[in-house]
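To start, the structure under review is shown below, and the notes come after it.
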Amino acid sequence: MPMNLKPGATTGLDVATLGEVMVRLSPPGHDRLEFASVMEVHVGGGEYNVAHALSRLGLRTAWVGGLVDNPIGDIVANHARAAGVDLGFAPVFPYDGIGRKTRVGLHFVEVGVGPRASVSVYDRGHSATSQIEPGQIDWDGLFGDGGVRWFHTGGIFTCLSESAPLVAEEAMRAASAAGTVVSYDLNFRSKLWDSEAAIASTRPLMEHIDVLLGNEEDFQKVLGYEVAGTGAELQALPIDSYQEMVRRVAGDFPNLSAVGTTLREVLSANENNWSAILYWADADEFFAGPEFERLVIEDRVGGGDGFASGLIYAFLDSRSPQDAVTLGTAHGALLQTTRGDTSQVTLAELEHVAAGGTARIKR
């Protein structure tokens with residue numbers, strides 16, 4: 001199915017995203033959590049990361065998710081506003097003094113090195129975003145009044161609570177009815193739900209999605225599609241098998257315009273092979289991103305969101321499918337060179353790397 005994007009001049013926003021944002025705490029460098037005496041403070045969350053990155057690239061963005069009326073909620077709000085992300089549709093919940101009902105979740109991240117993997121420890125129960133119920137957000141106001149060109153959400157939101165998939169479907173229906181392109185990142189998180197629950201919640205949403213994103217594990221664990229030739233550790237990435245799997249997904253869901261798949265081979269915690277492919281359904285054609293071999297990684301958290309951001313930017317800038325996967329792959333690579341979940345990448349840097357530019361020092 002072809003992708004029909006609204007002209008930018010007809011809308012108030014380019015992109016709106018729905019999802020949870022957390023305050024992230026990490027020891028400096030590659031220190032261990034259990035021995036930390038100092039923590040770095042970051043802000044991040046899958047769908048929020050996309051809005052933040054696209055705002056930095058010059059687009060008009062909004063994020064929808066739960067905030068809390070306390071200083072921790074203010075950390076998030078200040079971070080979003082500093083990048084120009086609109087919070088006008090994000091509900092603010094009262095703080096009860098101890099977070100028994102609603103709170104901003106915490107995400108503890110230990111950044112790995114060499115053979116020691118990075119580790120995430122969640123402290124996000126009773127989060128404000130997980131408390132959002134159907135009917136609480138004015139989706140018609142968001143998508144109808146000023147209009148939005150692109151809406152993005154994903155599996156990190158839908159796994160939060162029993163109400164979250166209902167809210168996601170409500171939002172996606174409103175977006176589609178308003179002519180807004182809908183993208184969804186499968187984003188499986190084994191600490192938040194199991195594969196059976198992920199499949200049961202996600203498959204009913206598929207009919208509302210135009211652009212589907214995910215990595216090798218996501219397609220297996222969230223949609224139930226096996227990739228021939230991949231082992232339990234998902235270290236081997238046979239491209240032919242991936243393409244066959246993606247074609248099966250597109251055949252089962254003909255509403256899809258595009259399917260983007262990141263390709264990561266983990267050589268060590270701080271050295272990965274990184275690339276991506278994009279399936280363009282209208283032409284039944286695959287496009288490959290640049291191959292970043294032995295990419296030196298400072299912090300891998302948010303790499304997939306970086307891919308999504310670059311790809312969405314390209315489409316909203318009227319670029320080709322090849323440009324979209326190129327910019328997405330390059331943006332994901334660049335995002336992993338800095339600390340924290342959210343992008344510190346400029347458009348000029350992105351264009352330089354996507355065009356094959358080197359890392360030669362700029363004086």
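Descriptive notes on the structure:
- Picking from residues in region 245-259 that are surrounded by 19 or more Cβ atoms within 10 Å (Cβ to Cβ) and at pLDDT 95 or above, the one that is nearest to the chain's Cα centre (by Cα) is VAL259.
- Every residue from region 1-36 that is in a strand (DSSP E or B) and within 16 Å of VAL182 (Cα to Cα): LEU13, ASP14, VAL15, ALA16, THR17, LEU18
- Checking each residue in region 60-88 for being assigned to a loop (DSSP other than H, G, I, E, B), among the aliphatic types (A, V, I, L, M) and surrounded by 22 or more Cβ atoms within 10 Å (Cβ to Cβ) picks out only VAL85.
- Set ALA354, ALA314, ALA359: member being modelled with pLDDT under 95 and over 14 Å from the mean Cα position of the chain (by Cα): ALA359
- When GLN136 is tested against the conditions (1) touching a Pro at 6+ places or on another chain (Cβ under 8 Å); (2) among the polar types (S, T, N, Q); (3) under 24 Å from SER26 (Cα atoms), the lone failure is (3).
- Single unsatisfied condition, GLY99 versus (1) of a type in the set (Gly, Ala, Ser); (2) surrounded by 14 or more Cβ atoms within 10 Å (Cβ to Cβ); (3) closer than 29 Å to GLU40 by Cβ; (4) within 22 Å of the chain's Cα centre (by Cα): (4)
- Some residue of region 305-322 being more than 19 Å from THR153 (Cβ to Cβ), charged (D, E, K, R), touching a helix residue (DSSP H, G or I) at 6+ places or on another chain (Cβ under 8 Å) and touching a residue at least 24 places away in the same chain (Cβ under 8 Å): no
- Considering only residues in region 9-25 that are surrounded by 16 or more Cβ atoms within 10 Å (Cβ to Cβ) and small (Gly, Ala, Ser), the one that is farthest from GLY310 (Cα to Cα) turns out to be GLY19.
- The residue pairs whose first member lies in region 117-132 and is of a type in the set (Val, Ile, Thr), whose second member is not in a strand (DSSP E or B), and whose beta carbons are closer than 6 Å, counting only pairs six or more residues apart or on different chains, are THR129/GLU20; THR129/GLY65; THR129/GLY66; ILE132/GLY66; ILE132/VAL167.
- Single match in VAL43, VAL64, VAL92 (criterion: at pLDDT 95 or above, in contact with a His (Cβ under 6 Å, 6 or more places away or on another chain) and under 30 Å from GLY147 (Cβ atoms)): VAL43
- Check on VAL113, of a type in the set (Val, Ile, Thr), surrounded by 22 or more Cβ atoms within 10 Å (Cβ to Cβ) and more than 19 Å from GLU170 (Cβ to Cβ): no
- Enumerated strands (runs of 3 or more DSSP E) restricted to region 116-227, each holding at least 2 residues that are surrounded by 24 or more Cβ atoms within 10 Å (Cβ to Cβ): 148-154, 181-185, 211-214
- Residue satisfying all of: in region 113-162; among the hydrophobic types (A, V, I, L, M, F, W, C) and touching an Asp or Glu at 6+ places or on another chain (Cβ under 7 Å); nearest to PRO7 (Cα to Cα) among these: TRP150
- Test: SER190 is modelled with pLDDT under 90 and not charged (D, E, K, R): yes
- Any hit, region 37-58, residues being part of a strand (DSSP E or B), touching a residue at least 12 places away in the same chain (Cβ under 8 Å) and farther than 24 Å from SER130 by Cα: yes
- Cβ-Cβ contacts under 7 Å between residues 6 or more apart (or on different chains), taken from a first residue in region 196-214 that is farther than 19 Å from ARG173 by Cβ to a second residue that is outside any helix (DSSP H, G or I) and among the hydrophobic types (A, V, I, L, M, F, W, C), are listed as ALA198/CYS159; ALA198/PHE188; LEU213/LEU186; GLY214/LEU186.
- Beta carbons closer than 9 Å, at least 6 apart along the sequence or on distinct chains, pair a first residue in region 335-355 that is closer than 14 Å to ALA314 by Cα with a second that is modelled with pLDDT under 95 and surrounded by fewer than 15 Cβ atoms within 10 Å (Cβ to Cβ) for GLU351/GLY357.
The values are calculated or read from the model by the stated rules, or taken from the named source; none is laboratory data. Everything quoted here is computed from the prediction, not taken from an experiment. Heads up, the Cβs are rebuilt from the backbone with ideal geometry, glycines too, and the neighbour counts pull from every protein chain shown.
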